[in-house]
Each structure stands twice: as structure tokens, then as C-alpha cells.
Amino acid sequence: MIHNFFQKILKFKDFLQFKGLRMSTFVSRVNRITGKMEWDFREDDYDYKQEIARSAYADMLHDTERNQLYYKGLEIAIAKMRQRGQAVHVLDIGTGTGLLSMMAAKLGADTVYACEAFKPMTECASKIIAENGFADKIKLVPKRSTDLTVGQGKDLPRRANILVTEVFDTELIGEGAIGTFTHAHKQLLEEDCIVIPSYANLYVQVITSDLVRRWNRVEDIVVNASRVTAPDEISSCGGAPSLHDLQLDQLPMDTFTVLTEPKRVFRFDFTGKTSLPFENTSILDCMMMNSGSVDAVFMWWDLEMDPDSEIILSCAPRWAHPTPDNMQWRDHWMQAIYYPYSQLTVAKGDSVKVISKHDEYSLWFDVAMDTVKDNCPEEHPICRCGAHISYGRARMGMLNDPDRNKLYMEILRKNFTPETTCLCISDGSLLPLIAARLGARHVYTVEINHLCNRVVTDFIKHNGLQDRITVLDKIPEEIGENDLPEKIDIIIGEPIFQTSVLPWDNMCFWYLTQQLTNRLTDQSKVLPGKMTVYAIAVNYADLWKIRADVGLCEGFSIQEFDKIIQKSSEEVDENVEPHPLWEYPCTAAGNQQCLLDIDFTKPARETSSVDNCVCLNVTSEEPCNGVAMWVEFDFGNGHVTSTGPRQPIRIGEKIIWDYHSKQGVHLFYNNHKSACSVEDSAIDVRVNFIPAEGKLDFKFSPEWL
């Protein structure tokens, strides 16, 4: 039967191709709500379009400071070449939309060569360059810079004497900047060339913070007179190998204490006068300004856009920024947190060595007292305990959240007796250990994800709870009486799952519990018993820029880029996307409204479908440019966990969001405030939910937004 089904699909695709119609591919995907695999049709160019939609060039093109400082750097470089009496030959590596090349051409460069390996952007740049009248002045080469050839009849007829490029990421060198500049100087540039930018400086600041530490290390959970503690290999692990990039400027100042002043640890010379090291180490002696545990290293960088180092583009957070009252918002170059390999507690006045290392693509940091031992790895460290791979930063912080853990203990105490048999359904949860410590007769926990299974099993063994907790590695519908020989009094979940992307995806808990009804009694409880989806009209301070048209950028039309991004986004993007809104400020433009209530105690197959419209009133004096959405889980007796605001919402004021959750974000297309706003009106949100299929969709109007 399955064979015949696939034969029909293949014949249908052949028919489409014969008719000249767009082809689709039959692919499997996880339904994040039900947790089940499903088959779906996708156009063959789906991934291609998604790559375009996710390219994030728009945010960079909205970075006015970046654009203007590159323009100024080019102006100075071209003027210097003219002063030398030389013709100006510019090479633009990774041209993207062609913006920097058009700047060079407008400033009078004699030749401009631009390379771009990403095919969609090559085609886009070609149209933009032509539309702006530079088709005869800029040669576009669809290659990586390392594949360019130089000589008569080749990609470049001669070596360039000005290089302009933007090959940086939050980590500065993560996109291969060291290799790109090194190759360019060896193969593509004249010896006395000018490079824009000319230098980069990388800064660090050592801090102590309970909040930040909880994003990296699992802390003890105090349960009555006992504790749930992490295994030694987890508590001593340096953490995940990847950087923790975030909008550091949004981290409240009262959540951390600085231990050092900002220190420059690396200076990168892009001019070619000195070789760029592919590996390097910096060791600085730093006097501790305060006492505390060394929990993290904050990192940022700046660029010197001209050879004389007079034009500085800084990515520093507000407290370390040279012009804090005139800062540019960026999502393409954020700041980062790194977690030291060593655990160290210091006192004010101590001298501590801050050790910084980098290879060609990445950075890592450590601290040491007095003498430097072999505690900081020569190569980029990796997580060996598994916990930092199983849990993301936000999830680690959620596991360590003392308020959330206190609430879980209150819920369990309200519903437990010494005879209670409990089943936990959540990925990587420590609830089973808390339940066992509180005295449950026996606890079962479903851990299908093998990484989470390993971590939770290690926790159980380390805490000596093997006889009280049984780990089940099967999906609920495959769990039989031999696996679960007794009836369950309580099914409980946080709930949270590895497959979840949007807050309501965690209703997967509801569907999984339905598969275990044969193991329940009439008195059995399901906790949480209810999930509510909320929404509110908001004014995003800056987040709207990631989806807004660019239009004109420094006098150049980028409308072709807007068209391509918009078309691809409309075809592949969902209209609600996840963002951690504590990093992206927004103010309430109206009151929150309930969009959907789901009763987890009722069977999904017997729950009626929902298709209704909810009105979000907009009463704020400021315009509204989007919607924020979140969920709350109700455990009864007034116990509620939320993925949304941490404080009551007040119209016209900043919303204070949970640190450990992502919210659902809908951005009105082309959210330029002067052009698109909703004032003294309303936004209609249409909710369509089909429980039997696990399909939940939202539509927003007025559509002209």
C-alpha cells in the first residue's frame, strides 16, 4: 500500500513537471503540537527561499551608523589614493546588495569589483546595481573571494588597492574574517593598499551574577531538608562550546556586578602591515573591583574604519559605549557572554589573570589566580557532561529559576501523599527528583530524547534515587504494563519539550497524556490542567526593523532587495515567530486578551475545534507595530506558570518579560511607524485550532499592515 502511495506521488510530480508547474517534495516533519511525524508537500525550492528569507540583510541595512561609517571610510581611502596620484581600484568582498560597491563607485573609484557567493544575493545585487545606474562601473563576480583569480582575462584584471568588506559576526571572527583578510593580502591586494575597516579591537569584562551563572551551571535545588544536586561531571564542566550571544544592553544593571573594567584583549590588524595570527593567547593581570564568584566574561568589539583610527564603530553595551546617548540598535552584531573554564571566587583587590584565546573562527576565556596552569585548553573547549548540549541557555536558566522551582514544590505538596505514584512528562525535567525528594512513593519519567535521558539518569544516580525513580525511554503510546505496572495518581509536566519552538507547542503534554489514559484512575490528576494563550498589541522599539523594507539606503535604492525578501518570506515564513522579548523592548499598546483556553483534562479527540476572532484594542498614544503572544499553564489552587510578563502590564509602559522563555511575535509588514500604525483602533486576531489534527493557526488584520 505504501509503495503504491509513493508511486502515485512520483507520477503526480512527473505530471506537474510535464505541465511546467512548480514541483513539490514529499517530506516528513514533526508536528510540534502532537509530537507525531507527519507527511507534507513542500516546493522543491522551499529551502532556497527559506535561506533568502533568513539572510537577515535587512537588519544590517537599517544600521544607519554602520552604513555611514563605511561610506566615510571609503571617502577617506579614495581621497588618500588620489593624494598619492594613484588610480583607485576597489574590491568589495561579500557585497550582499552591492551597497558598499555603489558607495565606492559614487565616490569616483576608477574600477570596482564585487564578489558574492550566495547566488540569490548575486542576482539581487546585479539588479540593484543596474537600477542605480552603476552597471557599467561595477563588475560583479559570483564567487567566494578565495576563488577569485587575478590577471588578464581573469576575474580581476589587476590587484586592488582598496579593500572594503564586512565579514564579521557577533564573535567578530566567526565568519572567517582572519582567513578572508589573509588571503586577500596574499592574492588580491597591492602591498600599499588601504583596507576598510583597518583594525578591530576585542574587549572583555569579568562579572559576577546569579542570573548569568544560572544560564550555564545547574545549581542545587533545596527540597525540605535535602537537596537535588548535579553530578560532578556536570557541576565541573566548563559549559557549551558556543558563545551566548544576546542583546547585553537589555540585561538590567542590578542583575550583575562588574569585577573588572573593560579590557582590550586582542587587536586585529587588517591592513596587512602585520600578519593576522590564526591562533593567539592574551593574558592580562586584572585588579578585582569587587568580590564574588567569577561567573562570566562579557565580550564586544569595535572597528576602526580608517587607517588613522579616527572613525570608530563600537558594539559596546551602553555602560561601556563611547557615545551611550547615541547608540545604534543592532541584531546582526550583538554582544556575547562566555563562561570561564575554571570556577573561581575572588575578593576585592585580588590580582587575577584573565586568559583569552582564539583560533581562526572562535574565542574562549578563562581566569586564574597568580600563576597560569593548564586549566585553559589550548583548543576550543567542548561540553563533556552532555547537559550543556541537551539544554539551551534559556532552558538551563529555567531549571535554575528559584521562584519556578519553589512553585513546583508548592504544587507537588498540595497534590501529594506518601502513597502517590507520579508520572512526569517533560524533556530533561528535574521534577521527578523534586517529587522523589518530597516523598512520592514512586516516580516514573518519560525521557525519549537520548541526550536528556542520559542527563536525567546521571542526576538520579548521583542523588541516590534509582529505587524511587524509573526512567522510561519509550513514547507514551508504546509504554505497556510491563513498563508501567501500576496505576498513576498524578501526571505532571512543566511542561516543556525539545521540539517546541513557539510557547503553545508545549501543549504536546496534552496529547502525550492522552496516550496513557489506561494507566489512570477516576481520581487521577493531570497537572497542569489548563493552558491559556494570551496576546497583546505592542509597540516594538527596534525589533520591527528585521522585517521592514529598506527602500532607500544612503541615497541608493534597495527596493529590489525588499521585493525578494518579502516574496520569499511570504511563501516560507510563519506569521508568528519566536523571540526572547526581554532582549527586545516593547511597550503595551492595549490590554492583554485571551485567545484560546485548552482543558488538558478532556480528551483531545472530543474537544471541539475553535474558529473565532478576538479583538485586541489599541488605546496607547504610541503607534502599534506588532503583537506579542505567550501562554500560561494552570496547575490549580492559584498556581500558574507563565512564559510571558513577569510583572503586571501597564498600557504605555515597557513590558517586563520572562528571562527563560521565548514569546510569539507577529510583526506588521513594513512597520515604519510614520507609514503603518494603529492608533485608537483595534487588531483582529483570528484563531483556528483543530485539536484532532494538532493544528493551530493565527491570522491578523487589518491586512494593510
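The values are calculated or read from the model by the stated rules, or taken from the named source; none is laboratory data. Values in this document were obtained by computation on a predicted structure and should not be read as measured data. Backbone-built Cβ (ideal geometry, glycine too); neighbour counts: all protein chains shown.
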Among the residues of region 240-257, write down those that are within 21 Å of ASP325 (Cβ to Cβ) and either assigned to a loop (DSSP other than H, G, I, E, B) or among the hydrophobic types (A, V, I, L, M, F, W, C) (or both). GLN247, LEU248, LEU251, PRO252, MET253
Filter region 97-128 down to residues that are touching a residue at least 60 places away in the same chain (Cβ under 8 Å) and under 26 Å from the mean Cα position of the chain (by Cα) and give me whichever is surrounded by the most Cβ atoms within 10 Å (Cβ to Cβ). THR97
Out of SER356, SER362, SER342, report the one residue that is surrounded by fewer than 19 Cβ atoms within 10 Å (Cβ to Cβ), in contact with a strand residue (DSSP E or B) (Cβ under 6 Å, 6 or more places away or on another chain), farther than 28 Å from SER226 by Cβ and among the hydroxyl-bearing types (Ser, Thr, Tyr). SER342
Hits in region 566-586 (condition: over 28 Å from ASP658 (Cα atoms) and among the aliphatic types (A, V, I, L, M)): VAL572
Right, CYS383: touching a Gly at 6+ places or on another chain (Cβ under 7 Å) and either surrounded by 23 or more Cβ atoms within 10 Å (Cβ to Cβ) or not in a loop (DSSP other than H, G, I, E, B) (or both) or not? no
Out of THR274, THR260, sole residue that is closer than 25 Å to TYR70 by Cα, in a loop (DSSP other than H, G, I, E, B) and outside the structural domain of ILE178 (by TED's automatic domain parsing): THR274
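Yes or no, residue by residue, for (1) of a type in the set (Lys, Arg); (2) over 22 Å from the mean Cα position of the chain (by Cα); (3) modelled with pLDDT of 95 or more:
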| residue | (1), (2), (3) |
| --- | --- |
| GLU621 | no, yes, no |
| VAL627 | no, no, yes |
| ARG646 | yes, no, yes |
| ILE656 | no, no, yes |
| PHE668 | no, no, no |
| ILE683 | no, yes, no |
| ASN688 | no, yes, yes |
| ALA692 | no, yes, no |
Can you tell me how many residues within region 617-647 are assigned to a strand (DSSP E or B) and closer than 23 Å to ILE492 by Cα? 8
Step by step: first the residues of region 189-230, then only those that are buried (at least 20 other Cβ atoms within 10 Å of the Cβ) and of a type in the set (Phe, Trp, Tyr), then the one that is farthest from MET398 (Cα to Cα). Which residue is that? TYR203
Could you tell me whether PHE268 is buried (at least 20 other Cβ atoms within 10 Å of the Cβ), out of contact with any Ser or Thr (no Cβ under 9 Å at 6 or more places or on another chain) and either modelled with pLDDT of 95 or more or over 25 Å from HIS388 (Cβ atoms) (or both)? yes
Odd one out for HIS388, checked against (1) modelled with pLDDT of 95 or more; (2) buried (at least 23 other Cβ atoms within 10 Å of the Cβ); (3) more than 19 Å from HIS639 (Cα to Cα): (1)
Working carefully through the options ASP325, ASP308, ASP295, ASP285, find the one that is under 15 Å from ILE196 (Cα atoms), among the charged types (D, E, K, R) and not assigned by TED's automatic domain parsing to the domain that holds ALA177. ASP308
So which residues in region 319-352 are β-branched (Val, Ile, Thr) and free of Cβ contacts under 8 Å to residues at least 60 places away in the same chain, if there are any at all? THR323, THR345
For residues that are in a loop (DSSP other than H, G, I, E, B), among the acidic types (Asp, Glu) and closer than 24 Å to SER500 by Cα, tally how many sit in region 400-429. 2
State all residues of region 583-616 that are surrounded by 15 or more Cβ atoms within 10 Å (Cβ to Cβ), assigned to a strand (DSSP E or B) and either more than 31 Å from the chain's Cα centre (by Cα) or not assigned by TED's automatic domain parsing to the domain that holds GLN647 (or both); if no residue qualifies, say none. VAL610
Any residue at all in region 312-331 that is aliphatic (A, V, I, L, M) and at pLDDT below 95? yes
Residues satisfying the stated conditions in region 432-451, i.e. buried (at least 22 other Cβ atoms within 10 Å of the Cβ) and within 28 Å of the chain's Cα centre (by Cα): VAL446, GLU447
Would you point out the residue of region 487-496, among those that are at pLDDT 95 or above and among the charged types (D, E, K, R), that is farthest from PRO432 (Cα to Cα)? ASP489
Test each condition in (1) under 21 Å from HIS321 (Cβ atoms); (2) under 27 Å from the mean Cα position of the chain (by Cα) for ARG267 and report the one that comes out false. (2)
Among the residues in region 430-452, are any out of contact with any strand residue (DSSP E or B) (no Cβ under 9 Å at 6 or more places or on another chain), closer than 28 Å to ALA240 by Cα, among the hydrophobic types (A, V, I, L, M, F, W, C) and assigned to a helix (DSSP H, G or I)? yes
Tell me, please, whether a residue that is part of a strand (DSSP E or B) and farther than 30 Å from LEU438 by Cβ can be found in region 216-239. no
